[in-house]
Amino acid sequence: MARQKKTPRPKAQTPKGFRDYFGVEVVERAAMLDAIARVYHHYGFDALDSSAVETVEALGKFLPDVDRPNVGVFAWQEDEGGKPGDWLALRYDLTAPLARVYAQHKDDLPTPYRRYAMGPVWRNEKPGPGRFRQFFQCDADTVGAASVAADAEICAMLADCLETVGIARGDYQVRVNNRKVLNGVLEIMGLDDAGHRDAVLRTIDKFDKVGSDGVRALLGKGRLDASGAYIDGVGLSDAQSGPVIAFLTSKGANVAETLANLRNAVAGSAIGAEGVDELEEIAALVAAQGYGADRIEIDPSVVRGLGYYTGPVFEAELTFDILDEHGVKRQFGSVAGGGRYDDLVKRFTGQAVPATGVSIGVDRLLAALRARGQGAQTAPGPVVVTVMDRARMADYMSMVGELRQAGIRAEVYLGNPKNFGNQLKYADRRGSPVAIIEGADEQAQGVVQIKDLVLGAKIAASATLEEWKERPSQFEVPRAQMVAKVREIMGLAPGRAN
């Protein structure tokens, strides 16, 4: 009789493009989300926690083919009584679900509807360094307000969020542009063919990488890239590409000069002039709230996302230098972006609904703070109550209960208590500030031993024997004074939790 093959053990590894987060990383992110949520709430936005799963039809950007939806989302076909049902997918952002929620519940929601949402999103894309298939987004949107005052408010709120989480003024810039100005440029270029317009938009999107000369070449015959490969151009003449270059390079020494340059770039286009007017109004509105050009500026070089948005578009960029993996200085770059998208809800309602919003990349913001040495300090671990006698577990649980009721993070050692040294090693590994010891002798005398693990580690690393004697790291106190002594060692004021 053939021997049955053993079922192979599964590999203990994180799926490609995903990662696990531990301890301080989770606490760090939660603290940042809480700080940003406070700013959003302060501005009058309400929280929304929508479903992580949407129908592919509702997501809209990705549609099913013969076998499965297009690459880009994690999707599956629902099984309804054994028959193929709707295609479902994990959300790839927080904006598409908002459009569905607003269309579904608009009769029960105020207009404008101001909401913020935070949570993970999933994208079925090729992962790379710093690029994961699951990541956190932190969004705020206003739906139902056509006024650019809503866009100006988003910009001001974004600046406040950055400063609240620890990005100093002068280390960031919220930059604002407008898709309508670009539409004006395309109009005066006379590009009626959709293919040509899309090619121009894709080329403009490369401006921050190749500069104005690179864009001019790509709009024309083409250019050699860094690898030496030749990239075919769009095939426009210099006269046709001129308005694009004028648009991209129109930033002046101040707001008035930038706006004047933009008006020249779109002269003769009504939609272009409307876009410049909107930028002028945004500049005036943020200035009225006390936000100068050092924090929020009009910048026509902001081009990412112009193909998606319908009006103002904004991007938050960190301006300080960091060292990359090769030790080369570079600016950290963008950590948030957004803009006006007046056509998204229309997919559901058939009627245009104005909307504007912003999305903050929480993981990138955390990485930026770490790069500046501003990451969260490792929080102390719990006080560990050691176990000297398993039969007295109720006594140890009583101790830990008192500590917790006093607001002190604490735990009883739940491993094998036979080796006391292993208990202290466990406390060290947990980053515990204090260990509490009560053997039979201590119980008989009504005292406990309290070991200051932080001070003990410092003394062991640097102190002489005389200093050790002068600065004891272990104290014997009456059992009734246990909580007070722990508070003293940890530097906690009476009534304050850790």
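The values are calculated or read from the model by the stated rules, or taken from the named source; none is laboratory data. Please read these numbers as outputs of a predicted model, since none were measured by experiment. Cβ sites come from the backbone with ideal geometry, for glycine too, and all protein chains shown count toward neighbours. Remember, those area values only see protein heavy atoms, side chains included, never the ligands or the DNA or RNA. Shrake-Rupley method; radii C 1.70, N 1.55, O 1.52, S 1.80 Å.
Name every residue in the stretch 129-152 that is part of a helix (DSSP H, G or I) and surrounded by fewer than 19 Cβ atoms within 10 Å (Cβ to Cβ), in order of residue number. Give the derivation first.
First, the residues of the stretch 129-152 that are part of a helix (DSSP H, G or I): 149-152.
Scanning the stretch 129-152 gives a single hit, ALA149.
May I ask you to list the residues in the stretch 98-114 that are modelled with pLDDT of 95 or more and β-branched (Val, Ile, Thr)?
VAL101 - this is the single residue of the stretch 98-114 that is modelled with pLDDT of 95 or more and β-branched (Val, Ile, Thr).
With modelled with pLDDT under 95, open to solvent by 40 Å² or more (accessible area, probe 1.4 Å) and over 30 Å from GLY190 (Cα atoms) as the only criterion, which of GLY292, GLY327 stands out? It would help to see each step written out before you state the result.
Working: GLY292 fails: open to solvent by 40 Å² or more (accessible area, probe 1.4 Å).
Being modelled with pLDDT under 95, open to solvent by 40 Å² or more (accessible area, probe 1.4 Å) and over 30 Å from GLY190 (Cα atoms) holds for just one of GLY292, GLY327, which is GLY327.
Could you tell me whether ALA355 is under 18 Å from the mean Cα position of the chain (by Cα) and either within 24 Å of ALA37 (Cβ to Cβ) or touching a residue at least 60 places away in the same chain (Cβ under 8 Å) (or both)? Steps first, please.
Values: under 18 Å from the mean Cα position of the chain (by Cα): no; either within 24 Å of ALA37 (Cβ to Cβ) or touching a residue at least 60 places away in the same chain (Cβ under 8 Å) (or both): yes.
Criteria not met by ALA355.
Which residues, counting only those in the stretch 216-237, are among the hydrophobic types (A, V, I, L, M, F, W, C) and surrounded by 13 or more Cβ atoms within 10 Å (Cβ to Cβ)?
ALA217, LEU218, LEU219, ILE231, VAL234, LEU236 - these are the residues of the stretch 216-237 that are among the hydrophobic types (A, V, I, L, M, F, W, C) and surrounded by 13 or more Cβ atoms within 10 Å (Cβ to Cβ).
Just name the residue that is modelled with the highest pLDDT out of those in the stretch 122-161 that are out of contact with any strand residue (DSSP E or B) (no Cβ under 9 Å at 6 or more places or on another chain) and farther than 30 Å from GLY275 by Cβ.
In this case the residue turns out to be PHE132.
Being under 30 Å from LEU318 (Cβ atoms), surrounded by fewer than 18 Cβ atoms within 10 Å (Cβ to Cβ) and touching a residue at least 40 places away in the same chain (Cβ under 8 Å), is that true of even one residue in the stretch 206-215?
Step one: of the stretch 206-215, the residues under 30 Å from LEU318 (Cβ atoms) are 206-215.
With surrounded by fewer than 18 Cβ atoms within 10 Å (Cβ to Cβ) added as a condition, the list becomes 206, 208-214.
From what's left, touching a residue at least 40 places away in the same chain (Cβ under 8 Å): 208.
So far as the stretch 206-215 goes, yes, one or more of its residues are under 30 Å from LEU318 (Cβ atoms), surrounded by fewer than 18 Cβ atoms within 10 Å (Cβ to Cβ) and touching a residue at least 40 places away in the same chain (Cβ under 8 Å).
Between a first residue in the stretch 2-25 that is over 27 Å from GLY72 (Cα atoms) and a second residue that is at pLDDT below 90 and surrounded by 10 or more Cβ atoms within 10 Å (Cβ to Cβ), which pairs have beta carbons less than 7 Å apart while being 6 or more apart in sequence or on different chains?
So the pair list comes out as VAL24/ALA376; VAL24/THR378; VAL24/ALA379.
Being out of contact with any helix residue (DSSP H, G or I) (no Cβ under 6 Å at 6 or more places or on another chain) and β-branched (Val, Ile, Thr), is that true of even one residue in the stretch 341-348?
No: the stretch 341-348 contains no residue that is out of contact with any helix residue (DSSP H, G or I) (no Cβ under 6 Å at 6 or more places or on another chain) and β-branched (Val, Ile, Thr).
Only one of (1) under 30 Å from GLY242 (Cβ atoms); (2) touching a helix residue (DSSP H, G or I) at 6+ places or on another chain (Cβ under 8 Å); (3) open to solvent by 20 Å² or more (accessible area, probe 1.4 Å) fails for GLN173. Which number is that?
The number of the failed condition is (2).
Can you give me the ranges of the helices (runs of 4 or more DSSP H) entirely in the stretch 341-421 with at least 1 residues that are closer than 19 Å to LYS485 by Cα, open to solvent by 10 Å² or more (accessible area, probe 1.4 Å) and modelled with pLDDT of 90 or more?
393-405
Being out of contact with any Ser or Thr (no Cβ under 9 Å at 6 or more places or on another chain) and within 30 Å of GLY415 (Cβ to Cβ) narrows it down to one residue among ALA367, ALA394; which is it?
Exactly one residue qualifies, and that residue is ALA394.
Within the stretch 283-324, can you find the residues that are within 18 Å of THR356 (Cα to Cα) and of a type in the set (Lys, Arg)?
Scanning the stretch 283-324 gives a single hit, ARG304.
Residues of the stretch 304-322 being over 19 Å from TYR172 (Cβ atoms) and either touching a strand residue (DSSP E or B) at 6+ places or on another chain (Cβ under 8 Å) or open to solvent by less than 30 Å² (accessible area, probe 1.4 Å) (or both), which ones?
Once the filter is applied, which keeps residues that are over 19 Å from TYR172 (Cβ atoms) and either touching a strand residue (DSSP E or B) at 6+ places or on another chain (Cβ under 8 Å) or open to solvent by less than 30 Å² (accessible area, probe 1.4 Å) (or both), the stretch 304-322 yields LEU306, TYR308, TYR309, THR310, GLY311.
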